[in-house]
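The values are calculated or read from the model by the stated rules, or taken from the named source; none is laboratory data. Quick caveat, the model's predicted, so the values are computed rather than measured. Here the Cβ is made from the backbone with ideal geometry for all residues, glycine too, and neighbour counts use every protein chain on show. The area values use the complete protein model at the heavy-atom level, side chains included, leaving out ligands, DNA and RNA. Shrake-Rupley method; radii C 1.70, N 1.55, O 1.52, S 1.80 Å.
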Amino acid sequence: MPQDKKEFALSDFKPYQLAEGEEYMNDAQLEHFRTILSNWKQELMEEVDRTKEHMQTEVNNYADPNDRASQEEEFSLELRTRDRERKLLKKISKTIDIIDKGDYGYCDACGVEIGIRRLEARPTADLCIDCKTLAEIKERQLGV
């Protein structure tokens, strides 16, 4: 089955190979994360386009109420997914701006290095694992 020709897919991701003594968040690392984020953003935008096209072409006026309800539920699910992705797109854009400013890779709460592997797992992370864990504990305790 032929696939759409893509320059990059998140499934094609290659972990960054750290060199011994390499400075944290050097130009090569920043470019690595900028590429990950830009390609992720592109894939999400393509998905938005596919959803828009699908919803415009697949609208049917089913006579059967069950069929109509199924279609409405499918569209509702797609729209909720796209809404979450819209919020993620904003976060990705914000993170790319942080890279451009040279502040990427450091915890917003305590200022320590977040770490290459954590950022590869979650490129939009803005807290180190310790601060994130504390924030989650506080969240559970406060029921927020």
Using a simple charge model, +1 on the beta-carbon of Lys and Arg, -1 on the beta-carbon of Asp and Glu, nothing else, what dipole does the range 45-113 show about its Cα centre, in debye to the nearest 20?
320
What accessible area per residue, rounded to a whole number of Å², is obtained for the range 47-144 using a probe radius of 1.4 Å?
71
Two pseudo-spin positions, 7 Å from Cα along C-beta at Cys110 and at Lys138, lie apart in nanometres by 1.3
So, relative contact order of the range 11-144 in percent, Cα under 8 Å, 6 or more apart, is 24
When the chain is treated as a GNM, springs tying every alpha-carbon pair under 10 Å, which of Asp67, Asp27, Asp126 comes out with the largest mean-square fluctuation?
Asp67
Convex hull volume of the chain per residue (C-alpha atoms, cubic angstrom):
165
Amide H contacts of Tyr106 (H built 1.01 Å from N, under 5 Å, at least 5 apart or other chain)
Ile114
For the range 42-108, state which chymotrypsin sites (Phe, Trp or Tyr not before Pro) are in a DSSP loop and have at most 14 other beta carbons lying within 10 Å of their beta carbon.
Tyr62
GNM top mover of Leu30, Leu18, Leu119 - the chain, alpha-carbon springs below 10 Å
Leu18
Give the carbon-plus-sulfur fraction of the accessible surface of the range 26-95 in %, rounded to a whole number; probe 1.4 Å, heavy atoms of protein chains only.
51
